[in-house]
Structures are given as C-alpha cells and as structure tokens.
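The values are calculated or read from the model by the stated rules, or taken from the named source; none is laboratory data. These numbers come from a predicted model, not from an experiment. All Cβ positions, glycine included, derive from the backbone under ideal geometry; neighbour counts span all protein chains shown. The area values use the complete protein model at the heavy-atom level, side chains included, leaving out ligands, DNA and RNA. Shrake-Rupley method; radii C 1.70, N 1.55, O 1.52, S 1.80 Å.
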Amino acid sequence: MPSYYRHVVLFLSMFAAVGSSVVHMGVPFLIPSLEDSGLSLSAAGLVAAMPAAGIVVTLIAWGWFVDKFGERAALFAGLSSTSLTTALSAWAASAGPALLGGALFLAGCAAASVNSASGRVVSGWYPPHQRGTAMGIRQMAQPLGAALSAVTMHPLAQSYGVSGALVMPAVLCAVLAVLVLVGVKNPPRPDASNPVATANPYRGSRYLVRIHIASALLSWPQSMMGAYILVWLLAAGYSSGAAGTIVMVAQLLGAGSRAAMGVVSDRVRSRIRPYRWVAAATLLLSAGMVVSGDARLLGTVLVCALAVAAVSPNGLAFTAVAEYAGPFWSGRAMGTQNTFQNIVYAAAPPLSGAIVGAVGFPALFAVTALFPAVALAVAPREDQSRRGAVEL
C-alpha cells in the first residue's frame, strides 16, 4: 500500500464514526422537541438515551465480529444497518415514544459496530510513534458529530418534526457505508502462531479493567454535557440559534482537544499521564460550575470549557487499551471499553434530568464533579505494556 493510504483510512474511519455519532450524540438535541410533544424532561432524556443503551448491548459482540471478520466488514455492515434502523426511527417518531425509543435502541445496536472497527483499523495502520495522534484525530468524530447535530437536529426538528430530523443521519450513514466499502482495507496482522500475542490480556492484570472503570466514570460528564449543555444555555436566556452556535463551537474545540491530546501523548510517550491531566481538569471545571451561581458570562465560559475537557480523554484511553490488548484482542477490548462507558453514558441523561427537575443545575454539576474525582483514584498512574502486543 502507498504510504499515504493510512491517512485515507484514518479520515474514512473518522467520518464513519461521525455518521454513527450523529445517531448517538444527535438524539439528545431532540430533547426540547420531545418536551414540546408532551414528554417530561426525564422521559425525553430516557428516549434520548436509547441509542446509548443499544450500543451497550452489542459492543462486545461487534468487537468479536471485528476480530473474526475484519474492520471493513464491520464498518459496512454496521453503517448499513444503522441507516436502516435510523430510518425506522424516523417512521416511529409519529407512532409514540415507546416505538421511537425501541427503534432508537436498535439504531444504537447497529451503530456500535463503528466504535470498535474504526478505532482498530486506525491503530492497525499507524506505527506506535504516530498512533496517539492518529487515534486522537479518529476520536474527533464524536464531538464533530455532536457539533453537526447541534446545528442540524434541533433546527430540523423545529421545522420538520422529530421524524424529519432523523432522516438526516439515516441518509448520512447510507452514504458512508458505500464509502467505507470502497475505500477501507483491513490492516496487516502479525503471525497468529505466537501464543503470547494471542493470550487473553485480562488474565493476570487489572490494567485494562482499571482503564475501563475510570473511562466509564468519565463518561458521566461527557454524556451529561452532551445532553444538557443546550438545555442549560436555553435556561440561561440564550436564543435557540445562539445556544446551538455555542454548542457547535464547544464541540469543535472538543474535537480539536482530542487530536491535541493525542499529539501530547506521542510526545511524552504516555497515554495515561495526559489522561489523568484531563480528568483533573474535568473535576475542577465541574466544581467551578457549582460556585458560578447566576453569573451568565462566567457560567458560559466554564460550561464550554467543561464540554471541551469532558470529551478530551477518549482517544487516550482507546489507544492505551488497543496497545495493551494487541491486534488479536483489541476489537473485544475496545468493545468492552465502550460497553463500560456506555452503561454510564446511557444512564446519565435521564438521571441528570431528574436531578435538574428536582434540585436544579448546581446540584447536577456537584454530582458530576464526583465522577472524575473517583476516576482519578481508579485509573492507572503509569502506562503498562505486554509482550506480544504493540509497544510504545
């Protein structure tokens, strides 16, 4: 393969993940429209959490599929089925919240394919000294998907209803399925005869489990901000257009922060130390929101900074997991990583809505600060390596 091909794969896998992220991250931007249809805030949050719940159910299975059949097959099958199930969701939106939630759950089940496959194909094509940067760029997909959602999903829902808004990600995923089928090839794998390389990376070490648990805890501030930053801005007095623009800018900055942290991890030759730095920043910014009170300008700056910090560690954690697990286990390990994350990710919107409804946003940010605090206690303090896997 020509040397530039790895960059082609990187950007195709990133855009594939943008498509699935619009399904995953975009539905929470429909919460105001779901409220307008008569649902309570917590009920609307529950519907918005259904894609994340679907992702939880199938991530490990999709990871096994990637390890067994390869990244290209998983990306095409996943994006195709995501397109079909999101189109089903668009139809179900007019049939009631129960059917809509069920269809969105199926869309999440399909979208889970991209999480493991797109990360694995990038880690497979890039050498260790470039892998942090490449995975950081790949992980820009989620905030880019959220930014795209912020400026499309809510306005589309206002103009054409929830059904009309969901047509957009269905079409986008269909187009991306064709592109990955044409443009993506599976990365080369080393000889499978080495028993050390193919050994279960979870045996004899808690390193991966500690990363999984810490990343799950850090999913709360990420999910909460994804679901409620727009709600907070509207409550603070911003117009719908201004709030959507602020969210888009915050998400674009978050996307850039993922790439920047990947560069930092390559430079300092560590994934874990930068990971802990952004966890500490998330803690401090969450605490800052508790004490900001009614100061709108300060609150806006802090909430945007929190939105950026909350999304920053994903690429670091994924790279650490892929490198420790190695090429024969990284699909399942990334699937497990995302499963831990999405259990919390799915729970955050309805629980956050209940907290806001009962005691307000300051209490929500106080609860949010607890998650990075515990994550810092659980996360490994230094990187570890494993014979037969990929070394830094």
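Return a yes/no flag: does the stretch 84-91 have any residue that is among the aliphatic types (A, V, I, L, M), under 16 Å from THR58 (Cβ atoms) and open to solvent by less than 10 Å² (accessible area, probe 1.4 Å).
Checked against the condition, which is being among the aliphatic types (A, V, I, L, M), under 16 Å from THR58 (Cβ atoms) and open to solvent by less than 10 Å² (accessible area, probe 1.4 Å), the stretch 84-91 yields no hits at all.
Among the residues of the stretch 22-59, how many are open to solvent by 10 Å² or more (accessible area, probe 1.4 Å), of a type outside the set (A, V, I, L, M), touching a residue at least 60 places away in the same chain (Cβ under 8 Å) and in a helix (DSSP H, G or I)?
Going through the stretch 22-59 one residue at a time, the tally reaches 5.
For the stretch 130-189: of the residues being of a type in the set (A, V, I, L, M, F, W, C) and not in a helix (DSSP H, G or I), which is nearest to VAL308 (Cα to Cα)?
By that ranking, first place goes to MET140.
Give all pairs with beta carbons closer than 6 Å in which a residue from the stretch 67-80 that is within 12 Å of VAL121 (Cα to Cα) meets a residue that is of a type in the set (Phe, Trp, Tyr) and open to solvent by 40 Å² or more (accessible area, probe 1.4 Å); count only pairs at least 6 apart in sequence or on separate chains.
Pairs found: ALA74/PHE65.
Spot the failing condition for ARG258; the list is (1) surrounded by fewer than 19 Cβ atoms within 10 Å (Cβ to Cβ); (2) assigned to a helix (DSSP H, G or I); (3) not small (Gly, Ala, Ser), and only one is missed.
Of the numbered conditions (1) surrounded by fewer than 19 Cβ atoms within 10 Å (Cβ to Cβ); (2) assigned to a helix (DSSP H, G or I); (3) not small (Gly, Ala, Ser), the odd one out for ARG258 is (1).
Here are some conditions: (1) in contact with a Ser or Thr (Cβ under 6 Å, 6 or more places away or on another chain); (2) farther than 22 Å from SER330 by Cα. VAL121 meets all but one. Which one does it not meet?
(2)
Quick test of your reading of the structure: PRO327 fulfils all but one of (1) touching a Lys or Arg at 6+ places or on another chain (Cβ under 7 Å); (2) part of a helix (DSSP H, G or I). Name the failing condition by number.
(2)
Please enumerate the residues belonging to the stretch 261-310 that are small (Gly, Ala, Ser), over 24 Å from TYR324 (Cα atoms) and not in a helix (DSSP H, G or I).
SER292, GLY293, ALA295
What residue, of ALA358, ALA354, is in a helix (DSSP H, G or I), open to solvent by 10 Å² or more (accessible area, probe 1.4 Å) and free of Cβ contacts under 8 Å to residues at least 12 places away in the same chain?
ALA358
When you go through (1) on the phi > 0 side of the Ramachandran plot; (2) of a type in the set (Gly, Ala, Ser); (3) open to solvent by 40 Å² or more (accessible area, probe 1.4 Å) one by one for GLY161, which number turns out not to apply?
Against the list (1) on the phi > 0 side of the Ramachandran plot; (2) of a type in the set (Gly, Ala, Ser); (3) open to solvent by 40 Å² or more (accessible area, probe 1.4 Å), GLY161 comes up short only on (3).
Name the residues in the stretch 69-82 that are of a type outside the set (Phe, Trp, Tyr), assigned to a helix (DSSP H, G or I) and surrounded by fewer than 24 Cβ atoms within 10 Å (Cβ to Cβ), would you?
Within the stretch 69-82, ARG72, ALA73, ALA77, SER80, SER81 meet the criteria.
Can you tell me which residues in the stretch 208-240 are among the small types (Gly, Ala, Ser), in a helix (DSSP H, G or I) and over 16 Å from ALA52 (Cβ atoms)?
Answer for the stretch 208-240, where residues must be among the small types (Gly, Ala, Ser), in a helix (DSSP H, G or I) and over 16 Å from ALA52 (Cβ atoms): ALA214, ALA235, SER240.
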